[in-house]
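Some notes on the structure that comes next.
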Amino acid sequence: MSKAKSKAKQVKGKMKETTGKAMDDESMQAEGRGEQIVGKAQETADKAAGRVKRTGR
């Protein structure tokens, strides 16, 4: 996954979490937090893969 897609997922999750807070919808907040976590994990995996490629392993 590209860095842009990972960041977009994080932003989407933050928006969903904020909307959930405004609407007092705990499930929407949790869903948003989950999307943020997935986006951060994907970003971290992409960084690790890039490092592995650069070292030639």
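Descriptive notes on the structure:
- If you bin all the Cα-Cα distances of the chain at 10 Å, starting from zero, the percentages per bin are 28, 37, 22, 10, 3.
- With respect to the chain, whose longest principal axis is taken over its alpha-carbon atoms, helix 26-55 is tilted by about 10°.
- Expressed as a whole percent, the accessible surface of the chain that belongs to carbon and sulfur atoms is 57, based on a 1.4 Å probe.
- Across the chain, C-alpha contacts under 8 Å between residues 6 or more apart give a mean separation that, scaled by the residue count, equals a relative contact order of 42 percent.
- Based on protein heavy atoms only, region 2-45 ends up with 68 Å² per residue of surface accessible to a 1.4 Å probe.
- Highest to lowest packing among 42-55, 4-17, scored as the average C-beta count within 10 Å: 4-17, 42-55
The values are calculated or read from the model by the stated rules, or taken from the named source; none is laboratory data. What you see is a predicted model; the values in this text were computed from it and never measured. Cβ atoms come from the backbone with ideal geometry, glycine included; neighbour counts cover every protein chain shown. Surface areas here come from the heavy atoms of the whole protein model, side chains and all, with no ligands, DNA or RNA. Shrake-Rupley method; radii C 1.70, N 1.55, O 1.52, S 1.80 Å.
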